[in-house]
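Colleague: Handing you a structure now.
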Amino acid sequence: FIQVRSKHMASIKGVSMSGLNNRQQAAMKRHAKHHTAKHIRSMVTAMKKGQTFTQSHKTAMKKVGK
């Protein structure tokens, strides 16, 4: 489900990764194998607002689950 459009714009499970840095995008790519698009969307939104990967994951698990 990974679609790379350019260096800085990727889509994982239909969720745009623009706004995340390359390290965050790589982490999300690995993470997406175990989680739903809704979970990934929630995490990306939180990370764009300044949360870390771990903080956004915990938030997403409480909010939308796996």
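Colleague: Six or more apart or on different chains, Cβ under 6 Å: which pairs go from a residue in region 30-58 that's under 11 Å from Lys13 (Cβ atoms) to one that's of a type in the set (D, E, K, R) and surrounded by 14 or more Cβ atoms within 10 Å (Cβ to Cβ)? Could you list them?
Modeller: Ala32/Lys13; Ala37/Lys13; Ile40/Lys13
Colleague: Could you run through region 20-66 and say how many residues are in a helix (DSSP H, G or I) and within 10 Å of the chain's Cα centre (by Cα)?
Modeller: Of the residues in region 20-66, 24 are in a helix (DSSP H, G or I) and within 10 Å of the chain's Cα centre (by Cα).
Values quoted throughout were computed directly from the atomic coordinates according to the rules given, and no laboratory measurement underlies them. For clarity, every value in this text was computed on a predicted model and none was experimentally measured. Glycine gets a Cβ as well: all are built from the backbone with ideal geometry, and neighbour counts include every protein chain shown.
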